[in-house]
Amino acid sequence: MYYFIFSFVVLIAIILGSLAGIGGGVIIRPALDAFNYFDESAITNMISTFCVLFGCATTVIKKIISKQKIDNYKTAISLGVGAVVGGVCGQLLFTFIEESSNKNILIITQSVILIILSIFSVIYMQFFKPKGKCLHLKNIIISLIIGIFLGISSSFLGIGGGPINVAILCLFFGMNMMEASINSTIVIVFSQVSKLVQTFIDGTFQNLCNLESLSANDQTWWIFVLILVPISVIGSLIGSFIAKKCNEKALIYIYYFVNVLIVGINIYNIVSNALVL
């Protein structure tokens with residue numbers, strides 16, 4: 001039953017994420033947490049990382065193969081380099097909070113931050129971006145610093161990129177929605193690769209592979225990965241196909257819808273986890 005439900009969640013999340021340039025993890029991670037199927041919070045984080053990485057990589061590779069022009073890709077690469085550093089820092093922060101508190105506090109912390117970022121993103125995109133309130137930064141150092149911030153939030157929250165990526169790209173680099181969407185996806189690939197490498201370095205991945213130390217439900221996490229990664233690739237291809245049919249206005253409405261969905265899921269997570277503290 002859960003295999004079907006999670007497959008549906010990942011498919012919809014990756015399709016929407018591909019369209020809005022948010023990766024999909026911002027829906028996947030909190031949605032899986034909401035079902036409370038796994039005991040270890042690191043597992044939902046890991047599953048989200050794999051799904052987002054393969055989904056976003058598929059989108060970028062498809063763009064390259066089809067020789068579609070990627071505007072401002074140099075900015076995305078410099079942001080991506082910063083995101084590599086941020087991804088490592090974010091994973092270290094996640095491990096620290098996970099080991100010094102409990103699953104419920106960690107989920108509440110992640111959910112509160114996600115709600116704040118989503119509200120900020122919607123406010124900017126709705127009220128300030130249409131008025132042309134944006135910068136057009138070209139400085140590589142500033143791009144690297146912003147990339148580090150994006151990498152930390154992406155890795156710690158286990159969301160890939162989330163709404164903050166698109167809003168930041170529009171605010172600081174003056175990109176339109178379509179440009180921000182694909183460039184956000186590039187940044188997400190960088191941050192998720194670095195996060196995955198860090199899980200090998202700090203032993204998180206090895207601990208999860210020690211199945212005998214996990215609960216019965218947690219032992220099935222690798223089966224979910226094998227099922228959900230192909231679903232992510234399919235969702236990315238569907239999202240790319242739909243994106244070709246959408247204009248700038250349609251993508252913005254999808255972006256707003258995803259943010260409302262994110263806030264709703266995370267409010268539920270805060271309430272449900274606060275009740276068991």
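Laid out as a table, the results:
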read-out: Neighbours by Cβ (under 7 Å, 6+ apart or cross-chain): first from segment 158-187, on the phi > 0 side of the Ramachandran plot; second of a type in the set (D, E, K, R); value: Gly158/Arg29
read-out: Single residue of segment 27-66 satisfying the filter (touching an Asp or Glu at 6+ places or on another chain (Cβ under 8 Å) and in a helix (DSSP H, G or I)) that is surrounded by the most Cβ atoms within 10 Å (Cβ to Cβ); value: Thr44
read-out: Within segment 257-266, considering residues that are surrounded by 16 or more Cβ atoms within 10 Å (Cβ to Cβ) and out of contact with any Ser or Thr (no Cβ under 6 Å at 6 or more places or on another chain), the one farthest from Ser181 (Cα to Cα); value: Ile265
read-out: Residues within segment 6-26 that are of a type in the set (A, V, I, L, M, F, W, C) and outside any helix (DSSP H, G or I), tallied; value: 1
read-out: Cβ-Cβ under 6 Å pairs, at least 6 apart or on other chains, segment 105-124 side small (Gly, Ala, Ser), far side assigned to a helix (DSSP H, G or I) and surrounded by fewer than 22 Cβ atoms within 10 Å (Cβ to Cβ); value: Ser111/Ile270; Ser118/Val263
read-out: Count of residues meeting criterion [under 14 Å from Ser232 (Cα atoms) and under 15 Å from the mean Cα position of the chain (by Cα)] in segment 1-20; value: 11
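The rows are residues; the columns are (1) in contact (Cβ under 8 Å) with a residue 12 or more places away in the chain; (2) closer than 24 Å to Ala42 by Cα; (3) of a type in the set (Ser, Thr, Tyr).
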residue: Ile65; (1), (2), (3): no, no, no
residue: Asp71; (1), (2), (3): yes, no, no
residue: Ser78; (1), (2), (3): yes, no, yes
residue: Val81; (1), (2), (3): yes, no, no
residue: Val85; (1), (2), (3): yes, yes, no
residue: Cys89; (1), (2), (3): yes, yes, no
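Throughout, read-outs are computed from the coordinates displayed, never taken from laboratory work. Keep in mind that this is a model prediction, so the values were computed, not measured. Ideal geometry is used to build each Cβ from the backbone, glycine not excepted, and the neighbour counts take in all protein chains shown.
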